[in-house]
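*Asks:* So that we are looking at the same thing, I have put the structure below in structure tokens.
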Amino acid sequence: MDLTLRTSSLPHDDPDAALAFYRDVLGFEVRGDVGRGRTRWITVGPAGPAGRPDTALLLAPVADDPALTDAERDTVLGMMAKGTYGRVVLATPDLDTVFDRVQAADAEVVQEPVRQPHGVRDCAFRDPAGNLVRVRELRTDAG
């Protein structure tokens, strides 16, 4: 099989805050912004010369999903408020710069940059909707 991950999705409860975070803090480019008011589907992705036009993150308004019952919507919104619903793992060759930008933006830091027991150096924080964003450092050396 030849499969590629094209788009992954994270919920938002405030499209303007989500857009500001992923565009202005993390430096993603906006590839689409559909809808109105709080019901907007925003597609972002890596920007610049190293950008990946075939990889995107969809920021979706979970509270307005017609497939959810009221009880399911309440559960999802409750999990989002606790920061236990959505998560994504990103990678960068410059973890410290990313962490400094996120920290300067007053995002909730979950974990400062640290080398994990399994060898990966990473950090973690929450986006405005409470989604866990983990960023791991890309290493060019063998160690």
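The values are calculated or read from the model by the stated rules, or taken from the named source; none is laboratory data. Bear in mind that the values here come from a model prediction, so they are computed numbers and not experimental data. Note that each Cβ is placed from the backbone with ideal geometry, even for glycine, and that neighbours are counted across all protein chains shown. These area figures cover heavy atoms from the full protein model, side chains too; ligands, DNA and RNA do not enter into them. Shrake-Rupley method; radii C 1.70, N 1.55, O 1.52, S 1.80 Å.
*Asks:* Within the stretch 16-46, count every residue that is within 14 Å of Leu58 (Cβ to Cβ) and of a type in the set (A, V, I, L, M, F, W, C).
*Replies:* Count: 8.
*Asks:* Considering only residues that are open to solvent by 70 Å² or more (accessible area, probe 1.4 Å) and farther than 19 Å from Asp13 by Cβ, which ones fall in the stretch 27-46?
*Replies:* Answer for the stretch 27-46, where residues must be open to solvent by 70 Å² or more (accessible area, probe 1.4 Å) and farther than 19 Å from Asp13 by Cβ: Glu29, Arg31.
*Asks:* Another one. Among the residues of the stretch 108-143 satisfying the criterion of being among the small types (Gly, Ala, Ser) and within 12 Å of the chain's Cα centre (by Cα), which is surrounded by the most Cβ atoms within 10 Å (Cβ to Cβ)?
*Replies:* This residue is Ala129.
*Asks:* If you don't mind, another one. Count, please, the residues in the stretch 90-143 that happen to be aliphatic (A, V, I, L, M), more than 20 Å from Ala17 (Cα to Cα) and in contact with a helix residue (DSSP H, G or I) (Cβ under 9 Å, 6 or more places away or on another chain).
*Replies:* Residues of the stretch 90-143 aliphatic (A, V, I, L, M): 90-91, 95, 98, 102, 104-105, 107, 109-110, 114, 120, 124, 129, 132-133, 135, 138, 142.
Remaining after also requiring more than 20 Å from Ala17 (Cα to Cα): 91, 95, 114, 120, 138, 142.
Filter again for in contact with a helix residue (DSSP H, G or I) (Cβ under 9 Å, 6 or more places away or on another chain), leaving 138.
Qualifying residue count, the stretch 90-143: 1.
*Asks:* Another question, then. Can you find even one residue in the stretch 41-60 that is touching a strand residue (DSSP E or B) at 6+ places or on another chain (Cβ under 6 Å), in contact (Cβ under 8 Å) with a residue 24 or more places away in the chain and over 22 Å from Leu90 (Cβ atoms)?
*Replies:* No, because not a single residue in the stretch 41-60 is touching a strand residue (DSSP E or B) at 6+ places or on another chain (Cβ under 6 Å), in contact (Cβ under 8 Å) with a residue 24 or more places away in the chain and over 22 Å from Leu90 (Cβ atoms).
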